[in-house]
Structure formats: structure tokens, C-alpha cells
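*Asks:* Structure below; questions to follow.
The values are calculated or read from the model by the stated rules, or taken from the named source; none is laboratory data. Values in this document were obtained by computation on a predicted structure and should not be read as measured data. Here the Cβ positions follow ideal geometry from the backbone for every residue, glycine too, while neighbour counts run over all protein chains shown.
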Amino acid sequence: MKLTLTVHITGRSARVHVAGDLDYGSTGLLLETVSELLVDPSGWQDLHLDFTDLAFCDSAGLSSLVVIHRRTTAAGIRLHLDHRPAQLERILRVTGLLEFLTTRPASLDSDESDIG
């Protein structure tokens, strides 16, 4: 299965719907899409990666999530990993990345409590 991304920007947030396989052959597309969004965030403060239709994620996919986390943090944007399927949730927990990717850095803390 290939990777399909759909981007929606509304108000204070951008949402990237990720469908298909996030693997070695497709992570470049996700990284490129997020990088383009971060060039000019136009006032939005949150990036939501929606994994509702994620079919597969390998170590390259996880690596891309770490890179995205670093880039969003540097840009002052909060990253949310929404609608994580069970296999992604499990691999994030086993690798110890779940807390790292979903905990807001102190510099981005606000009075909102939804981490996504």
C-alpha cells in the first residue's frame, strides 16, 4: 500500500491525515509535507498527524516522527499524534517514544491539557 497525505489548515492548527504505509519508501513524502507546512505556519500553533488510516509503520516511520517532533518543537508548534491505531500505539510504547513524542516541551506549555 502506498502513502497518501491530506492536509487541512484551519484556524490555529494544521492537520495531516496519514493513510497507508509509513515506511522507508514513503517517509520522505511525510517529512517534505511537514517541512513545507513549517516554512510559514501562518499563525497556527498545533500540528495534528491523524493516523486513523495508517496501515503500517516501520523504524523509518518512527524516525520520521522523531524528526517531525524536533522540527515542530524548534518552530514553536505543538505536535499531536491523533487516532493512533493499536499497532502504532504498541510500537511507540515498546520503543519509549510515546511519551517523548506526546509530551509537550516546557517551552510550549499552555493552559490546554489535550495532548492528542
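*Asks:* Would you check if there is a residue in segment 85-107 being assigned to a loop (DSSP other than H, G, I, E, B), within 24 Å of Glu32 (Cα to Cα) and at pLDDT 95 or above?
*Replies:* So the first thing to find is which residues in segment 85-107 are assigned to a loop (DSSP other than H, G, I, E, B), and the list is 85, 96, 103-105.
After this cut, where a residue has to be within 24 Å of Glu32 (Cα to Cα) as well, the list is 85, 103-105.
Next cut, at pLDDT 95 or above only: 85.
For segment 85-107, residues assigned to a loop (DSSP other than H, G, I, E, B), within 24 Å of Glu32 (Cα to Cα) and at pLDDT 95 or above: present.
*Asks:* Out of all the residues in segment 64-76, which are over 11 Å from the mean Cα position of the chain (by Cα) and of a type in the set (A, V, I, L, M, F, W, C)? Full working, then the answer.
*Replies:* Our first condition is that a residue be over 11 Å from the mean Cα position of the chain (by Cα); within segment 64-76, this holds for 73-76.
Result: Ala74, Ala75.
*Asks:* Which condition number does Ser13 fail, the rest of (1) under 14 Å from Arg78 (Cβ atoms); (2) in contact (Cβ under 8 Å) with a residue 40 or more places away in the chain being met?
*Replies:* Looking at each condition in turn, Ser13 falls short on (2).
*Asks:* Continuing with this model, one more query. Filter segment 22-48 down to the residues that are over 21 Å from Thr102 (Cα atoms), at pLDDT 95 or above and in contact with a Lys or Arg (Cβ under 8 Å, 6 or more places away or on another chain) and list them by number.
*Replies:* Within segment 22-48, Ser26 is the sole residue that qualifies.
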